[in-house]
Each structure stands twice: as C-alpha cells, then as structure tokens.
Amino acid sequence: MESQSQYFPDAFYRVTIKGLCVRDGKVLLIRESEEYGGKDHWELPGGGLDFGEDIYTGFNRETEEEMGLKISKISRRPMYLWTHRFENRRNIDWFYSLIVAYRIEFEHLNFTPTPECEEIRFFSKEEILELAPRGQLTDFPNIFNPEDFIDDF
C-alpha cells in the first residue's frame with residue numbers, strides 16, 4: 001500500500017459528516033443513484049465538508065441536497081468515528097476520508113427522490129450486513145450498536 005499521495009500532504013483526510021437517524025434499533029440509509037454510488041449502493045445520509053465549512057452547515061447542506069429533508073436535531077458530539085480509503089475517486093489515485101457520525105432527527109421523512117438519492121429505508125444491523133456494505137459503509141456494521149440509541153438526546 002502506498003503511504004504518500006501526490007495530491008495531499010501525508011496527514012490529509014477529507015472530513016465526511018454522516019447522520020445516524022435510529023428508530024427501533026434500525027438506522028436510516030439512503031440508496032444513492034447509480035450516477036453517484038453505483039447500482040444498489042446504500043449509504044448513511046451526509047457527505048464531505050466543503051473547504052472552510054463548519055460541521056452543522058455542511059451537514060445540513062448535504063442532507064438538503066441529497067434528500068430534500070431538513071434536520072430538526074443533531075447531537076452535540078459525534079457518536080462514531082472511522083476512516084475509509086477511497087481508490088480512483090474524484091480523479092485521484094487514492095485518499096482517506098475521516099467519517100464523523102452524529103445522531104440526528106429529521107423534521108419529517110416525507111422524502112421525494114432526488115438525482116443523488118433514490119430511496120430511504122431503515123435497516124437493522126443484520127440487514128446492513130446482508131447488503132454487503134461497501135464504500136464508507138463498509139466498517140459501519142462493526143461499529144453500530146443499537147443500544148447506543150436507546151436514550152433520547
């Protein structure tokens with residue numbers, strides 16, 4: 001594995017903010033359009049921060065762009081953190097993403113498909129594993145514990 005990138009300094013990670021909307025032990029995932037994630041690619045809602053953007057502004061922008069939904073609540077602290085190595089994305093050989101996942105609630109779930117997101121659905125940990133998760137969702141089943149979401153926030 002290469003340890004240096006021609007595009008970024010050695011310590012560079014792209015920061016990605018993801019949302020954990022959990023109900024009855026199941027987490028909400030979005031099915032990205034083929035153009036954005038490939039056939040039947042499920043992911044947590046959210047996305048990469050733009051340069052200089054704060055977490056809350058970036059996360060709200062991402063969820064409105066991809067889902068057309070507004071966040072009503074977001075935890076003050078992240079619930080989970082993990083990294084993912086992207087290969088051959090954004091015209092770059094490879095880069096790492098630091099995924100920072102916050103607990104969220106939406107104003108409502110009256111979802112209308114967008115060019116980025118075709119469907120939303122709640123999944124149990126076992127159902128996520130059956131999806132054969134890939135991309136940034138690859139390591140999520142190893143981290144996700146429904147018991148972390150029993151209490152209100």
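The values are calculated or read from the model by the stated rules, or taken from the named source; none is laboratory data. Small disclaimer: the values here were computed from a predicted structure and weren't measured. Ideal geometry is used to build each Cβ from the backbone, glycine not excepted, and the neighbour counts take in all protein chains shown.
What the table below lists for this structure:
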{"read-out": "Residue that is modelled with the lowest pLDDT, among those in region 2-20 that are surrounded by 10 or more Cβ atoms within 10 Å (Cβ to Cβ) and among the aliphatic types (A, V, I, L, M)", "value": "V15"}
{"read-out": "Top-ranked residue in region 85-128 [being in contact with a helix residue (DSSP H, G or I) (Cβ under 6 Å, 6 or more places away or on another chain) and assigned to a strand (DSSP E or B); ranked as modelled with the highest pLDDT]", "value": "I99"}
{"read-out": "Residue match in region 53-73 (condition: touching a residue at least 24 places away in the same chain (Cβ under 8 Å), assigned to a helix (DSSP H, G or I) and of a type in the set (A, V, I, L, M))", "value": "yes"}
{"read-out": "Scope region 15-34; condition among the aliphatic types (A, V, I, L, M) and touching a helix residue (DSSP H, G or I) at 6+ places or on another chain (Cβ under 9 Å); matching residues", "value": "V15, I17, L20, V22, V27, L29, I30"}
{"read-out": "Every residue from region 74-84 that is surrounded by 13 or more Cβ atoms within 10 Å (Cβ to Cβ), assigned to a loop (DSSP other than H, G, I, E, B) and of a type outside the set (A, V, I, L, M, F, W, C)", "value": "S75, P78"}
